[in-house]
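Peer 1: Sharing a structure below in structure tokens format, with a few things to ask.
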Amino acid sequence: MRVLVTGGAGYIGSHTVLHLVGAGHEVVVVDDFSNAKPTVVGRLEELAGRHIPVHAFDLADAEKLDVLLAQERVQAVVHFAGYKAVGESVAQPLDYYRNNLGATIALLRAMQRHRIRPLVFSSSATVYGPTPRVPMTEDLPTSATNPYGWTKVMIEQMLRDLTAAEPQWRVALLRYFNPVGAHPSGRIGEDPSDVPNNLMPYVAQVAVGRRGELSVFGDDYDTPDGTGVRDYIHVDDLAAGHVAALEWITTHDRPLSVWNLGTGRGTSVLELVRAFEQASGRTIPYRVVGRRAGDIASSYADPSLAEAELGWRATRTVHDMCADTWRWQQANPEGYPS
Ligand code: UFG
């Protein structure tokens, strides 16, 4: 298939581009490079061993989108593009609603005009809201605690309404748990533009000497060691899940599907720190500080639906995730060159 990947220069997008190419699909990328560096493209082409057409514009530009969908003869879309920083979304909610909802509506309208039906959407376990039951199953009610999370809930709802009205759509909502790790080559990985908000990139930057110590946000949660428990999933497993979902929706007649992409295993902050120390051979200094607003004690998936329907499951271990993150961080201590 000829697949358009929105946000294909970003962290999860770039890894998914490689998996799509590896599975024999033709990939076209659209990215406005608001949170990605153009140098990722050369590396992707080097790893893919082929040219990857990249269009640099904002998805909200309907005219450019029309031209792209027609010229590139796009048959399916994997939609990653969007803002994703929780704290920033609280400070600048309108930017998040305008960008994440606006771009998605523009994309859906363009897909409608060109009669492109398969869409894989990048959702998040954040849609399970502030007090979820764990392990989380896809049938739990959805809600959110911040504007970023609400954009995911709202886009999911839009897609429910759209697929109810027009059942010819083939949509997959993929709810990611905590994506970490990097391509084993160390050539592509996560490159936060500012101080990392997330645990793994922060730990990696401490290990490489860019930051002094990790702040552990609370050790008084109702978890085995008191620190937050999350379901970390290797970005390559996640990318493979997108290929499996795309191939499933284009061979089955169901307008809307929802799948968790996680490992089903929880790891605490301190367990992750120890695993990273082991994989890197470095000591990670840390200090326990107060809880971070909006955090929950435990989040991990019940990934059995994706396994039963897609035949997909995550295979990489927490050690693999740390070892691959470390390879990327060591080779690119300052991230991608500008
Ligand atoms: N943590 C620290 N110190 C840090 C950063 C994080 O102790 O510097 C802790 C958090 O308190 C939490 C765990 O590490 O217990 C994981 O935190 P992350 O920020 O890495 O991940 P979250 O689970 O909070 O957030 C992720 C995504 C969000 C998404 C959310 C819910 O980054 O986009 O999952 O799905 F909304």
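Peer 1: Given R₀ = 41 Å, FRET efficiency for Arg291-Ala164 by Cβ-Cβ distance, to 0.05? Before the final figure, lay out the partial values.
Peer 2: Working: r = 39 Å, r/R0 = 0.96.
Working from the Cβ atoms, E equals 0.55.
Peer 1: Going by a ≥ b ≥ c, the root eigenvalues of the Cα gyration tensor, does region 195-252 fall in the rounded group (a/c under 1.5), the prolate group (a/b larger than b/c) or the oblate group? Spell out each step's value before the answer.
Peer 2: Details: a/c = 4.45, a/b = 1.84, b/c = 2.42.
Taking the square roots of the gyration eigenvalues as a ≥ b ≥ c, region 195-252 is oblate.
Peer 1: Where a ≥ b ≥ c are the square roots of the eigenvalues of the C-alpha gyration tensor, would you call region 74-188 rounded, which needs a/c under 1.5, or, failing that, prolate if a/b is larger than b/c, or oblate?
Peer 2: Rounded, since a/c falls under 1.5.
Peer 1: Roughly how many Å is it from the Cα centre of region 134-156 to that of region 60-130, as a whole number?
Peer 2: Cα centres, region 134-156 to region 60-130: 17 Å.
Peer 1: With every protein chain left in place, what is the accessible area per residue of the chain in square angstrom, probe 1.4 Å? Don't skip to the end; give the middle numbers.
Peer 2: On the way: 14150 Å² over 338 residues.
With all protein chains present, the chain gives 42 Å² per residue.
Peer 1: Sticking with this one: Suppose every K and R has +1 on its Cβ and every D and E has -1 on its Cβ; what is the size of the dipole of the chain about the Cα centre, in Debye to the nearest 20? Please list the in-between numbers first.
Peer 2: Numbers: 31 positive and 39 negative charges, 56 e Å.
Computed about the Cα centre, the dipole is about 260 debye.
Peer 1: When each pair of different Cα atoms in region 246-314 is counted once in the 1/r mean, what is the Kirkwood radius in angstroms, to one decimal?
Peer 2: It works out to 15.5 Å.
Peer 1: Starting from region 151-234, pick out the GluC sites (Glu not before Pro) whose DSSP state is loop and whose Cβ has at most 14 other Cβ atoms within 10 Å.
Peer 2: Sparse-neighbourhood loop GluC sites (Glu not before Pro): Glu213.
Peer 1: Let me ask another. Roughly speaking, what is the stretch gain from Ser215 to Asp194, that is 0.36 nm per residue apart minus the C-alpha to C-alpha distance, in nm to one decimal?
Peer 2: Working it through step by step, the gained length comes to 5.9 nm.
Peer 1: What is the dipole size for region 202-326, taken about its Cα centre, with +1 at each Lys and Arg Cβ and -1 at each Asp and Glu Cβ, in debye to the nearest 20?
Peer 2: On the way: 12 positive and 18 negative charges, 100 e Å.
Using only the charged Cβ atoms, the result is roughly 480 debye.
Peer 1: What distance in nm separates the simple spin-label points at Asp61 and Ala331, each placed 7 Å from Cα in the Cβ direction?
Peer 2: Result for the modelled spin labels: 3.2 nm.
Peer 1: Shifting gears a bit: Can you give the local net charge around Ile249? Use residues other than it whose beta-carbon is closer than 9 angstrom to its beta-carbon, Lys and Arg +1, Asp and Glu -1.
Peer 2: Its environment carries a net charge of +2.
Peer 1: Something else about it: Which log10 I(q)/I(0) values does region 141-209 give at q = 0.12 Å⁻¹ under the Debye formula, counting every alpha carbon as one identical point scatterer?
Peer 2: -0.54
Peer 1: Only Lys, Arg, Asp and Glu count, each charged at its Cβ (+1, +1, -1, -1), so figure out the dipole size of region 134-247 about its Cα centre, rounded to 20 debye. Intermediate results must be reported in sequence, preceding the final value.
Peer 2: Numbers: 8 positive and 17 negative charges, 71 e Å.
Magnitude of the dipole: close to 340 debye.
Peer 1: Could I ask something else about it? State which stretch of the chain is the longest one without any exposed chymotrypsin sites (Phe, Trp or Tyr not before Pro), exposure meaning a DSSP loop state and at most 16 other Cβ atoms within 10 Å.
Peer 2: Between the exposed loop sites, the longest stretch runs 58-338.
Peer 1: Follow-up question, since we're still on this one. Based on the alpha-carbon gyration tensor of the chain, what equivalent-ellipsoid semi-axes (square roots of 5 times the eigenvalues) come out, in whole Å, largest first? Mind showing how you got there, number by number?
Peer 2: On the way: eigenvalues 189, 105, 69 Å².
Equivalent ellipsoid of the chain: 31, 23, 19 Å, largest first.
Peer 1: Between Ala308 and Asp225, what is the FRET efficiency for a Förster distance of 30 Å, r being their Cβ-Cβ separation, to the nearest 0.05?
Peer 2: 0.40
Peer 1: If you don't mind, there's one more thing I want to ask. Rounded to the nearest 500 deg cm²/dmol, what is the calculated helix-only ellipticity per residue at 222 nm for the chain, with -39500 (n - 2.57) per DSSP H run of length n ≥ 4?
Peer 2: Computed mean residue ellipticity for the chain: -11500 deg cm²/dmol.
Peer 1: Same structure, new question: What's the center-to-center distance, using Cα atoms, between region 1-36 and region 194-219 in Å?
Peer 2: Distance between centres, Cα-based: 28 Å.
Peer 1: If you roll a 1.4 angstrom probe over the protein chains with everything in place, what fraction of the accessible area of region 262-338 belongs to carbon and sulfur, to the nearest %? It would help to have the intermediate numbers written out before the result.
Peer 2: Details: 1820 of 4020 Å².
Looking at region 262-338 in its full context, I get 45 percent from C and S.
The values are calculated or read from the model by the stated rules, or taken from the named source; none is laboratory data. Computed from a predicted structure; not experimentally measured. Backbone-built Cβ (ideal geometry, glycine too); neighbour counts: all protein chains shown. Note: accessible area is taken over every heavy atom of the protein model, side chains too, but ligands, DNA and RNA are not part of it. Shrake-Rupley method; radii C 1.70, N 1.55, O 1.52, S 1.80 Å.
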